Structure formats: structure tokens, C-alpha cells
1. Would you be able to tell me the number of residues in the stretch A:184-234 that are basic (Lys, Arg) and buried (at least 18 other Cβ atoms within 10 Å of the Cβ)?
2. Tell me yes or no: at least one residue of the stretch A:33-48 is within 14 Å of chain B (Cβ to nearest Cβ), in contact with a helix residue (DSSP H, G or I) (Cβ under 7 Å, 6 or more places away or on another chain) and over 22 Å from A:Ser218 (Cβ atoms).
3. Of all residues in the stretch B:174-218 being within 14 Å of chain A (Cβ to nearest Cβ) and among the basic types (Lys, Arg), which is surrounded by the fewest Cβ atoms within 10 Å (Cβ to Cβ)?
4. Inside the stretch A:132-144, can you point out the residues that are within 12 Å of chain B (Cβ to nearest Cβ), surrounded by fewer than 24 Cβ atoms within 10 Å (Cβ to Cβ) and either touching a strand residue (DSSP E or B) at 6+ places or on another chain (Cβ under 7 Å) or outside any helix (DSSP H, G or I) (or both)?
5. Exactly one of these conditions fails for A:Pro122: (1) within 14 Å of chain B (Cβ to nearest Cβ); (2) farther than 18 Å from A:Ala79 by Cβ; (3) out of contact with any Lys or Arg (no Cβ under 9 Å at 6 or more places or on another chain). Give me its number.
6. Could you tell me which residue of the stretch A:87-111 is surrounded by the fewest Cβ atoms within 10 Å (Cβ to Cβ), considering only residues that are away from chain B (no Cβ under 12 Å) and either within 16 Å of B:Ser202 (Cα to Cα) or among the hydrophobic types (A, V, I, L, M, F, W, C) (or both)?
7. Restricting attention to the stretch A:8-50, which residues are β-branched (Val, Ile, Thr) and more than 16 Å from the chain's Cα centre (by Cα)?
8. Return yes or no: is A:Met169 outside any loop (DSSP other than H, G, I, E, B) and under 18 Å from A:Gly39 (Cβ atoms)?
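The values are calculated or read from the model by the stated rules, or taken from the named source; none is laboratory data. Just so you know, these numbers come straight off a predicted model, no measurement behind them. Heads up, the Cβs are rebuilt from the backbone with ideal geometry, glycines too, and the neighbour counts pull from every protein chain shown.
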Amino acid sequence: MLEVTGLHVAYGGIQAVRSITFHVNEGEMVALIGANGAGKTSTLKAISRVIDAVGGDVHFCGEKISKIAPHHIIRKGIALVPEGRGVFPRLTVAENLAMGAFLRHDKAEIALDQEKIYGYFPRLKERAAQLAGTLSGGEQQMLAIGRALMSRPKMLLLDEPSMGLAPIMVQKIFEVIRIVAAEGMTTLLIEQNAKLALESSQRGYVMESGEITLTGESASLLNDPKVRAAYLGE
Amino acid sequence: MKKWLNPRSAFGIALISVALVALPFVAAMGGQAWVRILDFAILYVFLALGLNIVVGFAGLLDLGYIAFYAVGAYAWALLASPHFGIHWPIWAILPIGAGLACIAGVLLGSPTLKLRGDYLAIVTLGFGEIVRIFMNNLNAPINVTNGPQGITLIDPVMIGGFKFSGNTTLFGLTLSGPQKYYFLLVALAILVIIINLRLQNSRIGRAWQAIREDEIAAKAVGINTRNIKLLAFAMGASFGGIAGGVFAAMQGFVSPESFSLMESIMILAMVVLGGMGHIPGVILGAVLLSVLPEALRYGVGPAQTALFGKQLVDPESLRMLVFGLALVLVMRFKPAGLWPSPERKRELAEKKA
């Protein structure tokens, strides 16, 4: 469904992503793991067109999307949950969710989706009228995921959903991520928390200094001695 | 809109309308100077609401807003004065002025699209000054703006055969020029208030809010941030252009001096002090900040004489001192503005808690 070929990202002279190639199949959850500075977020930003790639192509459902405007990405069906959550702090929770459906006009369906998201995250329903900026980090992450789902995407890009969160919150959020994936959502998950990411996904790619160094089934990556040594602290 | 229909709101609106109609006659008792002060207060309401679109709604800190006011004023001055011998009617000039200001807004806005906060403020400040300096120097080789001398003998507003300068007697009631302009300005101000209210609750208004809050997230939900930002600049600038046109006609004279950086800062102060993004707050800020310095001009001198028996401090400098102190106090005790929007108020309250 998503095909990334030879993607190259550089900031000035610094090569952040060196010509990587990977793909995500329909209905699959794929994890892209790696240490800080490996180029994971740059990859995601390039796919979602927040930054320009130096080279390479990205195809989504057979269509080239590596040159389109960033606000068109969501029209193609790709929803990004940005790093550091990126909720609209001075809008309420409900307004944030409504903003996720900015491009949609089917009011009744939007209301249904909102209820669905409140079903995933009952905490958001309790706080529907609260300003997003006053939520805890975990709640903001829930909101960011909820907002992305409000666009009814074909694919979800998650940038470090566990970052800076209490373990209990991480558990809750990943529960929902797994449920959404089990319902058939194609997902690309970027994580530093390699164990969690590999446990939730079907396949994984390991990134190191801008290159993909390992790839395989998540279960086998979890048992790979190199992965265990480098990312699982063994 | 339903809120407007309940009896309490209807009563409030009726009360405000009566007050608005009575105001210029009450002010005239203190002399026509007071009516002119009122005129300027409404003109500033208009300007502040225009800037509120850019600063309050879209969150783009614009320190060169006065440039668009200048463009509108010069458009009127050049197209309705003996300077070029052109005397076009208001129906032609006002849209041209608004259109030119709109184009200026887009031109000045487009290079700044990637800038935010302080950087945007500095660039727009520069643009504002460039426009003023242009007006100041565009008297050679071809005399377009008549340079620092400015343009004089500008036509007043004429609608049909009705002239807005000089006295007119209507139904046995004598209206002075400033009083007539007052009603024109109030009509324009009501129009801009309605446009502001409609914008705030529209899709565009929500897109502006999103950009103000988080630009990357705004892109991620599918907002064309470039166009929406340019739209904010263009709309704000158009309002500035209209205000400028009326200003030129009302004064009968324009010169680059009227469009200094200080004016931009004053208008921004009106928006911030009143309550950024909150329409009633911005109106309050504009009225207070335009009337207060004038009221102090007339009040400070006599007050000193009454208190100390003589003039201790030059009233002109004292009034700015008092004015400055008032600004500092407001920012200290009302950091969200005098009349902030309920959300902003709640946000500050939640932060404290």
C-alpha cells in the first residue's frame, strides 16, 4: 500500500536518511525502530511532506505522493500523528476532534466517528469541553490519535506515541493502537521503545544512522541477538 | 444567532443603538473636537478589527499593519484630489483602495509565509516602514505622492448628492461634518463587526485557529496553510485600505507622517489590550486607547491646576506618561486583555490552578 523507494533526506549537508527502501502492505502494522537520531522521524516527515526529501519516491496505493502539497496528504488517506503530539492547545478536546474532520462534510458520519473515538478513549469524552493544552501528556497523545482517526484515513502514521509518557498511559494507548490495527487499519509505527513496537506489529525495520540495517517479522526481530543487544538492553 | 433573539439581548441591542445615535450629539456639546475624537475612535475600531483577523484569529504578529491603511489613504487621495485632477466617486475609489491594499497584503504576506513570531514581526515592521518611506520619496522623478508635503484638498465622501463635509440640515436638525462622518463610520464598523463574527465561526475561522495553534498539525488535518495565511493578510489589509480611504476623505489631507510605526504599534496595542481574538474586547481596546489619550490631553492640564495651583509637568508629556502607566497596569493585572474571550480566560485560570 505504501512503497518507499530510495528515500533520501538531508538537512543542509547532514544526511538524515540515506536512500532507504521499505513498504507497508494493506492492513498491516509495520514498526520502524531505531535509536535517537537514526532518521525515523525524518522519514515520517518526508512521507507526510512536512519536509522535502532530497531524493527517492513515495507511492501510496500506486500513486506517487512524494511531490504533492503537505495538506493533500490527508486527502489521499494518510493521517499523521505528529511527534510531540501536536494538538491544538487552545481548542477544546471536542474542537480538536472536529478539526480532524476538517475535510469531511458528512455531519452524521462525523458524529458517529467521534463517538467511536470516545469509545476508544473514554477519558477524552470526560474532558470533551476542556482545552487540549491542559490535558496530561498521555491524554494529548490520545487526542492526537483520535484527531487523526477523525479523517477516516486508509493509513495511520504514528510518530513515537510512547514518547515521554507514564508506562500506564503507554499501555492504554498501545491497547487502542492494537485495536485500531486489528480492525484493519494500515499503520506505520515509529518507536524508540523497540520491544513495545515489535510486540504490536507484524513486521519491523531497524534504522541506524539513516539506513535500514535489519528487517523481518517482528517476532523474529524480537529474538534477534543484535536487536536484543542494541535495543532491548540485553 | 439565536442568542440575539431573546428579549434581554434585544433590549441590549436597542440600548446600544440608542446610545450610538445619541453619542455624537452629546459629544457635540463639548465641541466638535469631541465628535472628531469619536470619529477616530470608530475608525480605530475598524482598523483594530481588521488587524484582529491577522493577529487575533490567525496568530500572525503583524507590526506593519499601518502600511495598508496608508495604501488605502493614498489611493483615495490620488484618485479624488486636485493633485492629479482626478475626482472619482466613492463607489470607484473605496473598492480600488481596498483592492490595492489587499494586493499589498498578499505581496507583503507571501515572502513571510515561513516566518513566525518575532521574525514575522520584524519583517512586517520593515515592510510597514518601506511603504511609509515610499510615500515620502515618491515625489521624484515623477511626482506621485507629493512627498513629505502630502496631498491636500482631498474630496470628502459624497454619496449621491450628499456631501459628508460641512453642515447639513436634515428634518430641522443641523448635522456637522464630523457628525455625518460618525454615522458613516458606525455603519462601516457594524459591517466589519458582522464580517468578523461570521468569519470567526466559519470554516476559514477554524482553519485560522488551527494555524495559530500548531502549523504542522494544521497541515496534517488538510489545511492549505499558505492560502489560508495569505487570506488572513489579504482580508486584514482590505479593511485597512477601506479605513485609510475614509481617513483621507475625512481629513482632506494625507502625508506620510500619519503612517508611522507608532500607529501600527497603537493598533496592535488596541488588539492585545482589549483581548486578542475576542471581538468585543478588541472594540473596547480600540475605543479606550483612542479616546483615553485625547481625554487626558484635555483632562491632565486642568487637573494639575486644580490640585497644585500651577502646571508642574507639561500636559503633553504627562498624558503619555499616564497612558503608558495605564498600559503597564492592564498588562500586569489583566494579562489576557481587558475583555478576553472566554476560552482565553479559562486557559489562564486553568494555568494558575
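1. Qualifying residue count, the stretch A:184-234: 1.
2. Scanning the stretch A:33-48 turns up at least one residue that is within 14 Å of chain B (Cβ to nearest Cβ), in contact with a helix residue (DSSP H, G or I) (Cβ under 7 Å, 6 or more places away or on another chain) and over 22 Å from A:Ser218 (Cβ atoms).
3. Ranking the qualifying residues of the stretch B:174-218, first place goes to B:Arg203.
4. A:Leu135
5. Answer for A:Pro122: the failing condition is (1).
6. This residue is A:Ala108.
7. A:Val9, A:Ile14, A:Val17, A:Ile20, A:Thr21
8. Considered against the rule, which asks whether it is outside any loop (DSSP other than H, G, I, E, B) and under 18 Å from A:Gly39 (Cβ atoms), A:Met169 comes out as no.
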